[in-house]
Amino acid sequence: MDLEHSSISKPMIMAFHFLGALSHIQKTTTHSTFVCRCHRIRCAAYTSMALSTGGHSAWSRALLRGKLRRGGLRKRAVILQRPRKRAVRLEEGCQDGADVLRRLVPGSAGMDSAELLDETADYIRCLEEQVSLMRSIVNVVSSL
Amino acid sequence: MSSQRGRITDKEIHELVSSLQALLPESRRRSTSRASSSKLLKETCSYIRSLQREVDDLSGRLAELMSTMDSDSPQAEIIRSIFRS
C-alpha cells in the first residue's frame with residue numbers, strides 16, 4: 001500500500017491507525033478483561049492522535065516518547081525547574097490557569113505562554129477529531 | 001517550533017488567546033469579543049478535561065462492543081463505512 005502523506009488528510013491517517021489498532025486489539029484480547037481492553041483502546045486512541053500530526057507538535061512527540069518507554073502517559077512528578085522566560089507573560093492571575101494547562105497538555109511543562117497556547121489549540125483540535133472518529137465507529141458498530 | 005521568536009508582542013498574545021477562545025464550544029454561541037484571560041484558561045482546562053473524559057467513555061463503549069463482535073467481516077464493513085462518511 002503506497003501512502004503519500006501529502007495527499008491524504010489527517011483524519012484519514014488517524015482513522016487508518018486507530019482502526020488498525022482496534023483490529024489488532026480485538027484479535028489479541030479475546031480472553032482479557034474489560035478493563036485491559038478499555039485501557040488498550042484508550043492508548044491506541046492517543047497514539048493515533050499523535051501519529052496523525054506527524055510529530056509537528058510537542059505534545060504528539062511527548063505522547064509517542066511515553067509510549068516507547070512503555071510507561072503510557074506518565075505524570076510528571078517534577079516540573080522542570082528551568083528559569084522561566086519572562087519575555088512572554090499573560091495577565092497576572094493567569095499563571096495558575098497556565099500551570100493547570102501545562103499539566104493537562106503533554107510535553108508542555110517547560111514552555112512559555114505563547115508556545116503553550118499554540119500547543120493547547122493544536123491539542124484541542126486533535127482531541128476533537130479523535131472524539132468524532134470514535135463516535136462514528138461506535139455508531140457504525142452498534143448498528144450492525 | 002523553535003524558540004527563536006524574540007520578543008513576543010502583546011498583540012500576538014492577544015491573537016493566540018482569541019484563536020484559543022474560538023475553539024471553545026461556549027464562545028461559538030456567545031458573541032462576546034473577549035473574556036478575561038484567566039476565565040478563558042479555566043474554560044480551556046475544563047474543555048480539555050471533558051474531551052479526555054469522553055475519550056475514556058468512548059473507549060469503554062468500544063471495549064463493550066468488541067466483546068460482542070466475533071467475526072472478521074464486520075471489521076471490513078466498518079472500515080468501508082468510515083471512509084465513505
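Any read-out appearing in this document is the output of simple, stated calculations on the displayed coordinates, not a laboratory observation. Only a predicted model underlies this, so the values are computations on that prediction, with no experimental measurement involved. No Cβ is skipped: glycine too gets one built from the backbone with ideal geometry, and neighbour counts run over all protein chains shown.
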Legend entry - Cβ neighbours within 10 Å from other chains - mean over A:111-120: 5
Legend entry - FRET efficiency estimate (nearest 0.05) - Cβ-Cβ, B:H14 to A:L144, R0 41 angstrom: 0.25
Inset, instruction - Could you please rank B:D56, A:D112, placing first whichever residue has the fewest other Cβ atoms within 10 Å of its Cβ? - result: B:D56, A:D112
Inset, instruction - Work out from phi, with θ = phi - 60° and the Karplus expression 6.51 cos²θ - 1.76 cosθ + 1.60, the ³J(HN,Hα) of each residue of segment A:115-132, listed in order in whole Hz, and give x for Gly and Pro. - result: 4, 4, 5, 4, 4, 4, 4, 5, 4, 5, 4, 5, 4, 4, 5, 5, 4, 5
